[in-house]
1. At q = 0.22, 0.24 Å⁻¹, what is the base-10 log of I(q)/I(0) for the stretch 117-177 according to the Debye formula with one equal point scatterer per Cα and no solvent? Please give it to two decimals.
2. What is the set of long-range amide H partners of Tyr96 at a cut-off below 5 Å, with H atoms built 1.01 Å from backbone N?
3. Rounded to the nearest 0.05, what FRET efficiency do Ala121 and Glu89 have when you use their Cβ-Cβ distance and R0 = 35 Å?
4. Once the dipole of the stretch 57-115 is set up with Lys and Arg at +1 and Asp and Glu at -1 on Cβ about the Cα centre, which of Pro92, Phe65, Leu108 lies farthest towards its positive end?
5. How would you classify the stretch 61-183 from its alpha-carbon gyration tensor, with a ≥ b ≥ c the square roots of the eigenvalues: rounded for a/c under 1.5, else prolate if a/b is greater than b/c, otherwise oblate?
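No lab work stands behind these numbers, since they all come straight from the coordinates. Quick caveat, the model's predicted, so the values are computed rather than measured. Note that we place each Cβ from the backbone using ideal geometry, even for glycine, and neighbour counts take in every protein chain shown.
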Amino acid sequence: MRVRTRRAGKDHPAGDHPHARVEHQAVSTTHQAPSAALRGRPRTGRSRTWPPGAHHDERLTIGEFSRITHLGIRTLRRYHEQDLLVPAEIDPVTGYRYYSPDQVRPALTVRRFRDLDLPLADVRRFLDAEAAGRGGAADGNADGDTARQVVAAHLRRLEDRLGRTQRAVEALRELLDPGPNGR
């Protein structure tokens, strides 16, 4: 039997080199993610969906939550650090983050607003107002107004930016084609 050394990559007779390992063993000792059977979840390759009335006590790993919400794992970690999307549970031993299915809707809201360039501080204000409005507070109407104000203020900012961009485009076009009086 021939073995390959780690350092030089040369073949030596088995047992002749102190750093030798059998090639077929190297394949079996490579690091692989835990199998689905070890985690206790069936692996289907599809995103999870929950039918109406499904039990919401199920916890989702950060990877599963990422696939469902289309938010990257690094992004979810950053949002957790900033207390924007805090996991439902954190394993005290491993530090693994677990999310609940009830957190999917707020995560999708965050993703949509970030796609629309809403600053994180405004996203937080919107989510807080929306959560307070759903909580059945006496001032639920005021919370709805706050959420609307956040969106309206961002709309005004985008319209202002669009106006500045349109003026810049017009100025550049005039530089390219000044017309009959400009030459």
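1. -0.82, -0.90
2. Under 5 Å from the amide H of Tyr96: Asp91.
3. It comes to 0.85.
4. Most positive-ward Cα: Leu108.
5. Here the stretch 61-183 falls in the oblate category.
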